[in-house]
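The values are calculated or read from the model by the stated rules, or taken from the named source; none is laboratory data. None of the values given here were measured: they were computed from a predicted structure. Cβ atoms come from the backbone with ideal geometry, glycine included; neighbour counts cover every protein chain shown.
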Amino acid sequence: MTRKADSAIRLLHGTDGHKMARTLLEAQDAARLVPSGAPVALKPNLVVARPASGGATTHPEIVAGAIEYLLDAGVAARDITIMEGAWVGDSTRRAFEYCGYAALARRYGVGLVDLKGDETRAVDTPVGMIQVCVRALEAGFLLNLPVLKGHCQTVMTCALKNLKGCLPDSEKRRFHTMGLHRPIAALAAVLRPALTLVDSLCGDPGFEEGGDPEVTNRMYIGEDPVALDVFGCDLLGIGPEEVPYIGMAAVLGVGSATLDEGDVLEIGPDGKPLEAAEIRAGQSTTRRRHADWRTLHPDLRIEEDQACSACTASLAHALEKLAREGVDLSALPTIRIGQGFAGHTPEGGIGIGRCAGGIGCPPSADSVEALLRKGMA
Ligand code: SF4
């Protein structure tokens, strides 16, 4: 069954993120979704303080295009706020400066809010109460601006998972103790962006913090975050069943996990549908390259218990580097990682991050690499 027209996904290829953002928002007639005088929240992905060219963060020119579209549609600059909370262990303010968002806010006179310092409110969700940042909850129009990329724990991240940046750090950590997928789906059931504009210009298909981007020169837009994530999986060459939170969100009524032929419409630079260019489900354009160290290194003895993404990514990076050097990883003693070890890490082995008896919260990939080398010596 084809979804209603306003749930369609519009796809646009190109290299000018600024123009593409405007074209997609116009094609979607986004202005109709903005209540008059309501606070407008723009939620990019600034998980780390790294430039968008590295494949982790939303290109600021896309957000600039969105702001200009909104201003042209009559939204007052004072009502627009860019908001984000970087991942545990990184500074959002540093990301705002480094990624060009502080300059963007100054140029257009819009607000810039580090959600790590925002007030929170407990919201009843299908997995219990979750503390959510008030600014995100109170937005009259929430425009989600994720990057399509890989993730070392959830395989991929895009529309649904980008909302995790609207949580205080304490809740981000707690999500990992809850298994990550269920709370991500539950959050999407209570925090619903009106629209999601996906930056897929050059996301890193392996890691959420970037470093190995793949230029794909495309962006897409839609109102259904579940359908958008299913399409994102397709583009990454991943089966949506490999990303449990997508199916869970569908069960909770967040959106449709079925992508039918004709649901994705490719448009041209003029915003009009391209003739005979309908994208069909099952058409993957990116080779799979997510970094799952469990699959890549089955001989490793890794005990994981509620590890945060930042810790996991540092371990994955360090292991990948050693593997590239031809180091025999099976010589490593047992590696422990995660909040579940806090206060009672067993003797022996290598502990990654403060929780598991190591150093740093989160530890850097370099420090983990040094630890692993020492552990093998
Ligand atoms: S040490 Fe790692 S697992 Fe523990 S809280 Fe910090 S980032 Fe999370």
Mind checking which residues of segment 39-67 are within 16 Å of the chain's Cα centre (by Cα) and in a strand (DSSP E or B)?
Leu42, Lys43, Pro44
Counted residues in segment 29-85 being in contact with a helix residue (DSSP H, G or I) (Cβ under 8 Å, 6 or more places away or on another chain) and of a type outside the set (A, V, I, L, M) come to 19
For the subset of segment 353-377 comprising residues that are among the aliphatic types (A, V, I, L, M) and within 10 Å of the ligand (Cβ to nearest atom), which member is nearest to Glu303 (Cα to Cα)?
Ala356
Looking at Leu167, Leu148, Leu163, Leu137, can you tell me which residue is aliphatic (A, V, I, L, M), assigned by TED's automatic domain parsing to the domain that holds Arg94, in contact (Cβ under 8 Å) with a residue 24 or more places away in the chain and surrounded by fewer than 23 Cβ atoms within 10 Å (Cβ to Cβ)?
Leu137
Of all residues in segment 316-337 being buried (at least 22 other Cβ atoms within 10 Å of the Cβ) and modelled with pLDDT of 90 or more, which is farthest from the ligand (Cβ to nearest atom)?
Ile335
Scan (1) more than 13 Å from the ligand (Cβ to nearest atom); (2) surrounded by fewer than 21 Cβ atoms within 10 Å (Cβ to Cβ) for the single condition Ala342 breaks and write down its number.
(1)
Restricting segment 218-241 to residues that are at pLDDT below 95 and assigned to a loop (DSSP other than H, G, I, E, B), the one surrounded by the fewest Cβ atoms within 10 Å (Cβ to Cβ) turns out to be Gly239
If Ala8 passes every condition in (1) at pLDDT 95 or above; (2) in contact with a strand residue (DSSP E or B) (Cβ under 9 Å, 6 or more places away or on another chain) but one, which one does it miss?
(1)
Single unsatisfied condition, Gly348 versus (1) of a type outside the set (Asp, Glu); (2) at pLDDT below 90; (3) in a strand (DSSP E or B):
(3)
Are there any pairs, at least 6 apart or on different chains, whose C-beta atoms fall under 8 Å, with the first in segment 298-311 and within 11 Å of Ile337 (Cα to Cα) and the second part of a helix (DSSP H, G or I) and away from the ligand (no atom under 13 Å from the Cβ), and if so, which?
Ile302/Trp293; Ile302/Arg294
Filtered residues of segment 253-272 (kept if part of a loop (DSSP other than H, G, I, E, B) and in contact with a Phe, Trp or Tyr (Cβ under 7 Å, 6 or more places away or on another chain)):
Leu259
For segment 57-116, what are the residues that are within 16 Å of the ligand (Cβ to nearest atom), touching a residue at least 60 places away in the same chain (Cβ under 8 Å) and either under 19 Å from Arg135 (Cα atoms) or aliphatic (A, V, I, L, M) (or both)?
Gly85, Ala86, Trp87, Val88
Considering only residues that are hydrophobic (A, V, I, L, M, F, W, C) and part of a helix (DSSP H, G or I), which ones fall in segment 68-121?
Leu70, Leu71, Ala77, Ala95, Phe96, Ala102, Ala103, Leu104, Ala105, Leu115
Any residue at all in segment 297-312 that is in a helix (DSSP H, G or I), at pLDDT 90 or above, within 10 Å of the ligand (Cβ to nearest atom) and out of contact with any strand residue (DSSP E or B) (no Cβ under 8 Å at 6 or more places or on another chain)?
no
Inside segment 169-212, can you point out the residues that are more than 16 Å from the ligand (Cβ to nearest atom), of a type in the set (Val, Ile, Thr) and touching a helix residue (DSSP H, G or I) at 6+ places or on another chain (Cβ under 8 Å)?
Ile184, Thr196, Val198
If you go through segment 69-86 one residue at a time, do you hit one that is crowded, with 18+ Cβ neighbours inside 10 Å and at pLDDT below 95?
yes
